[in-house]
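Student: This is the structure I have questions about; it appears just below.
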Amino acid sequence: MRGGKLIPALCNLLGTLILVLVIASCLPLTVPRLFGYEIYEVVSGSMEPEIPVGSVIYVAAAQPEDIREEDVIAFRSGDTIITHRVVTNRKLDGEFVTKGDANELEDMNSVPYENLVGRVEHHFPIVGRLMVVYTGTVGKAYVICFAACGAMLNMLAGRLRDRNKEKET
């Protein structure tokens, strides 16, 4: 490659790489929603070591009657979503007895069926921290800026190629 073609190629490569990284880092937080999952970040250690703090959990809707002992569920408690393991599903009472894996005792309050968000189907450590960054205002600005930089580098590569073609003619 001659010197006039190297810089546009590097700009194009770097711009494409940045765009691919931005898209790839957003996929775990967007695609599962298309398949009906709710996505939450784990902020307490009550389910460690099974589900560490900073994990992202994918929660699928489930009928309360289909929840079994040992299933991990997400449920509402006030304004908070809690993730704990089911100890007992009291179908006649319409409630769950739950316990965090790291806790010695069962939860003090049972969980009424109407508070069930769903069954935890998947969890991925560390991805929750990415979610926190991307859902905040600053994180959204970073994503937009990185994507814009990638696009601008690709546009710059095109302009440099056009300028090189003009010089050759």
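For every residue, the table says whether it meets (1) within 11 Å of the chain's Cα centre (by Cα); (2) at pLDDT below 90; (3) β-branched (Val, Ile, Thr).
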position: Gly4; (1), (2), (3): no, yes, no
position: Ala9; (1), (2), (3): no, no, no
position: Asn12; (1), (2), (3): no, no, no
position: Val31; (1), (2), (3): yes, yes, yes
position: Gly36; (1), (2), (3): no, no, no
position: Met47; (1), (2), (3): no, no, no
position: Pro52; (1), (2), (3): no, no, no
position: Val56; (1), (2), (3): yes, no, yes
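Student: If you don't mind, another one. Go through the range 75-105 and give me each residue that's within 23 Å of Tyr40 (Cα to Cα), among the aliphatic types (A, V, I, L, M) and part of a loop (DSSP other than H, G, I, E, B).
Tutor: Ala102 - this is the single residue of the range 75-105 that is within 23 Å of Tyr40 (Cα to Cα), among the aliphatic types (A, V, I, L, M) and part of a loop (DSSP other than H, G, I, E, B).
Student: OK, next. His84: surrounded by 16 or more Cβ atoms within 10 Å (Cβ to Cβ), touching a Phe, Trp or Tyr at 6+ places or on another chain (Cβ under 9 Å) and at pLDDT below 95, yes or no?
Tutor: Values: surrounded by 16 or more Cβ atoms within 10 Å (Cβ to Cβ): yes; touching a Phe, Trp or Tyr at 6+ places or on another chain (Cβ under 9 Å): yes; at pLDDT below 95: no.
No; evaluated as a whole, the condition is false for this residue.
Student: Another one. Here are Glu121, Glu114: which of them is open to solvent by 100 Å² or more (accessible area, probe 1.4 Å), acidic (Asp, Glu) and either assigned to a helix (DSSP H, G or I) or in contact (Cβ under 8 Å) with a residue 24 or more places away in the chain (or both)? Outline the logic, then answer.
Tutor: On the way: Glu121 fails: open to solvent by 100 Å² or more (accessible area, probe 1.4 Å).
Criteria check complete, one pass: Glu114.
Student: Determine if the range 89-97 includes at least one residue that is crowded, with 19+ Cβ neighbours inside 10 Å and in contact (Cβ under 8 Å) with a residue 40 or more places away in the chain. I'd like the intermediate steps shown before the answer.
Tutor: Applying the first criterion (crowded, with 19+ Cβ neighbours inside 10 Å) to the range 89-97 yields 89, 95-96.
So of that shortlist, the ones also in contact (Cβ under 8 Å) with a residue 40 or more places away in the chain come out as none.
No, the range 89-97 contains no residue that is crowded, with 19+ Cβ neighbours inside 10 Å and in contact (Cβ under 8 Å) with a residue 40 or more places away in the chain.
Student: Inside the range 1-50, can you point out the residues that are surrounded by fewer than 16 Cβ atoms within 10 Å (Cβ to Cβ) and in a loop (DSSP other than H, G, I, E, B)?
Tutor: Met1, Arg2, Phe35, Gly36, Val43, Ser44, Gly45, Glu48, Pro49, Glu50, listed by residue number.
Student: Provide a single number: the residues in the range 51-74 that are in contact (Cβ under 8 Å) with a residue 60 or more places away in the chain and either part of a strand (DSSP E or B) or loosely packed, with under 12 Cβ neighbours inside 10 Å (or both).
Tutor: Selection size over the range 51-74: 5.
Student: Restricting to the range 81-98, name every residue that is under 18 Å from Val59 (Cβ atoms) and of a type outside the set (S, T, N, Q). If you could, list the steps in order and put the result at the bottom.
Tutor: Residues of the range 81-98 under 18 Å from Val59 (Cβ atoms): 81-86, 89, 96, 98.
Once the filter is applied, which keeps residues that are under 18 Å from Val59 (Cβ atoms) and of a type outside the set (S, T, N, Q), the range 81-98 yields Ile81, Ile82, His84, Arg85, Val86, Phe96.
Student: Name every residue in the range 124-145 that is farther than 17 Å from Ser44 by Cβ, small (Gly, Ala, Ser) and surrounded by 12 or more Cβ atoms within 10 Å (Cβ to Cβ), in order of residue number.
Tutor: Gly139, the sole residue that qualifies.
The values are calculated or read from the model by the stated rules, or taken from the named source; none is laboratory data. In this text the structure is predicted, and so the values were computed from the model without any measurement. Ideal geometry is used to build each Cβ from the backbone, glycine not excepted, and the neighbour counts take in all protein chains shown. SASA here: full protein model, heavy atoms, side chains in, ligands and nucleic acids out. Shrake-Rupley method; radii C 1.70, N 1.55, O 1.52, S 1.80 Å.
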